[in-house]
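Every number here is computed from the coordinates shown, using simple stated rules; none is lab data. Note that the structure is predicted; figures quoted are calculated from it, not measured. Note that we place each Cβ from the backbone using ideal geometry, even for glycine, and neighbour counts take in every protein chain shown.
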Amino acid sequence: MKPSPALLRWAALASLQSLVAALTIAEINGNKFLSPYSGQTVTNVTGLVIAKGPNGIFIRSTTPDKDIATSEALYVFDKTVGANITVGDIISLDGKILEYRNNNAYLYLTELTTPKNVQVLSSGNKVKPLVIGKDTVSPPSEQFSSLDGGDIYNVPNGAANISAVNPVLQPKKFGLDFWESLSGELVTVRKPSAIKQPNNYGDTWVIGDWKASGRNKNGGLTMSAKDSNPEAIIIGTPLDGTKNPNTSKMGDVFEDITGVVQNTFGFYYILPLTAVKVSAPSKSVQKPTTLKRAGNCKAVTVGSYNVENLAPTSAHMSKVADHIVTYLKNPDLIFVQEVQDNSGPTNDGTVDANVTLSTLAAAIKTAGGVTYDFAEVVPAPGNLDGGQPGGNIRQAYLYRPDMISLYKPNQGSGTDATAVVPGNGKGAAPSLSFNPGRIEPASSAWTSSRKPIAAAWIVKGATKPFYTVNVHFSSKGGGTSLHGDIRPPVNGGIESRVQQANVTASFIAQILAQDPKAAVISAGDFNEFAFVQPLTTFTSISKMKDMDEVAKIKVEERYTYAFDMNAQALDHMFVSPSLAADRKSDFEHLHVNTWSTYADMVSDHDPSVALFDLCG
Ligand SMILES: *[C@@H]1O[C@H](CO)[C@@H](O)[C@H](O)[C@H]1NC(C)=O
Ligand SMILES: *[C@@H]1O[C@H](CO)[C@@H](O)[C@H](O)[C@H]1NC(C)=O
Ligand SMILES: *[C@@H]1O[C@H](CO)[C@@H](O)[C@H](O)[C@H]1NC(C)=O
Ligand SMILES: *[C@@H]1O[C@H](CO)[C@@H](O)[C@H](O)[C@H]1NC(C)=O
Ligand SMILES: *[C@@H]1O[C@H](CO)[C@@H](O)[C@H](O)[C@H]1NC(C)=O
Ligand SMILES: *[C@@H]1O[C@H](CO)[C@@H](O)[C@H](O)[C@H]1NC(C)=O
């Protein structure tokens, strides 16, 4: 069927209206996250070709404006557009402006698509990258977005989306605005250093020679309250098809890196022109713990270690044992997390972990360590606690039987809820109805998650028991990128962890209600930062104190995990007021895994060790 003359006229008019002539690149980008010309066809866009990639080219305006909020560069997305074009050419072209993302939790990338009428106006022009922090303002070092309300961990999460609000960019104040204002640009990072191991693809988080807050001794960037390190940037796949090394580690210094800024996979990246090169490998300053046990109740060492899906046949079994002997120095008591059942991830109905734990105890002896006994509570069958399917991960205790024993032991089952039993007479020490026992295993707080294991112990020479609660709260799975569209980003699992903190803290509060001077230690993988709501709930209900504070560990050295740009503390030890007030109480994190190559990591978490007087 032939289109009617009216329809033809309308179509001609419509296409005329969406044809926008001779805009500068700054005008196309605008001073916000989204281009004001998104969806429109633009003609005779002029730019200097500053880089070529496998799927397109990057051009920079030849007529820049003076506004630091408008990027002067643009990505031209087309597999073949670069075929007859050389870096240094000044070209003009037409095309359609699009905002692209492949996941609605990500920010958009502005790009020129379906390029037409590509003309080379001149060749051999000089291409100079912008040196970050010198030719640009310095990357902001604390805040990511004006929509985070001053704290990226504010609740509720997801109160706003950048793409809906589309705020005017403030590159001096907000990290995402800074990187967006350089979208498509060719930049150089001077004196880059790795702030963690690369991922499987060789993508590596770095900072350059600009001002950075939170630098730790091993060269990582530690997060703190209201500072999750927007000054860091991830170096992605090189544009020339080479591969970044996957053997670098926290603190390694690279040769200067030049590449283009692009938002992809939910983050602002610099895609380097070619693979990055380590120029100076870092040297870890990590030494074994300095905390010294006494062999009696006066100085008891207590370790905590998430041993990452440890099963009897795990390749990392002997390495975990070696860490316990060499770095933790055979603590009197060790809280372990992520112990799998005797059949590991095989989903065969096995839930007992006595083989896993005795294999670990034997490996510790083989590594030159001491004899450990263990205590666990076998989870109810049916994979009810989350984690790797079939693995039935749980927390457990390893303890030196020559030093410590359970106080009034009464083994709990997976469904038994232990209760605090008042002691006989005023001021008498409470005991636990199941010891070891789980805390409220039927509570909905623990759906698909690990129930805490409480225990009461008596240590050689002591007059009173002490109490422990070993936790592994729900993970941050389902969270959204700190560089993403959703602000504040979704802190995955936060609702579960708030409930879990409440249940656990309320149990501890019962012990302290019976005996305000009781020695209580709660440690493990809380999957949360000390300054974020689940743990502020935990400390306010339980009155427990963070050992990082008690031991006055420098804020930069408070980390047990490295994720994206942040060295961060997911693992903690909290103690009751009497232990917090005791000047002998001490604490150390051993950064054996966050500082190491990917291949040498034994677990994804660092262990910690504390020292207490537990004489009572
Ligand atoms: C395209 O822009 C260039 C300057 O960048 C100008 O010299 C040229 O005349 C323009 N061409 C058209 C067809 O508008
Ligand atoms: C590149 O140049 C060749 C030879 O002139 C031509 O056949 C080809 O179509 C050009 N490719 C593009 C993408 O312009
Ligand atoms: C933000 O975007 C997500 C994903 O598209 C959407 O589910 C959510 O409702 C949006 N939030 C707001 C506050 O608009
Ligand atoms: C590191 O890269 C090498 C060579 O490309 C590859 O064989 C190896 O599997 C990679 N290692 C990891 C942990 O991704
Ligand atoms: C594990 O427990 C089972 C059942 O109680 C017992 O038969 C087995 O000997 C134990 N194995 C080890 C290594 O302790
Ligand atoms: C803790 O849980 C109790 C009982 O469900 C509830 O009443 C209380 O509001 C909770 N407290 C906090 C701080 O979430």
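Shown is the FRET efficiency for T371 and D65, computed with R0 = 51 Å from the Cβ-Cβ distance and rounded to the nearest 0.05: 0.10. Please compute, over every Cα-Cα pair in the range 185-274, the percentage with a separation greater than 15 angstrom. Tail fraction, whole percent: 56. Inter-label distance, A419 to K126: 8.3 nm, where each label sits 7 Å from its Cα along the C-beta direction. Between D402 and K298, the FRET efficiency estimated from the beta carbon spacing at R0 = 25 angstrom works out to 0.95. Considering the range 5-122, its Cα convex hull presents a mean projected area of 8.6 nm².
Evaluated at q = 0.08 Å⁻¹, the base-10 log of the normalised Debye intensity for the chain, with identical point scatterers placed on the Cα atoms, takes the values -0.64. Every helix of 4 or more DSSP H residues in the chain counts as -39500 (n - 2.57), and over all residues that averages to -4000 deg cm²/dmol at 222 nm. Structural descriptor for the chain: relative contact order 13 percent, calculated from alpha carbon pairs under 8 angstrom and at least 6 residues apart.
Taking label points 7 Å from Cα along the Cα-to-Cβ direction, N84 and K283 give a separation of 5.7 nm. For the range 129-283, DSSP calls about 85 percent of its internal beta bridges antiparallel. Under the simplified labelling scheme, the K226-K476 pair shows an inter-label distance of 2.0 nm, with each label point 7 Å from Cα along Cα→Cβ.
For each pair in K319/K476; K52/K173; K96/K173, compute the distance between the two Cα atoms and list the pairs where it is over 29 Å. Too far apart for the 29 Å limit: K52/K173; K96/K173.
Each Lys and Arg Cβ is given +1 and each Asp and Glu Cβ -1; about its Cα centre, the chain then shows a dipole of about 700 debye.
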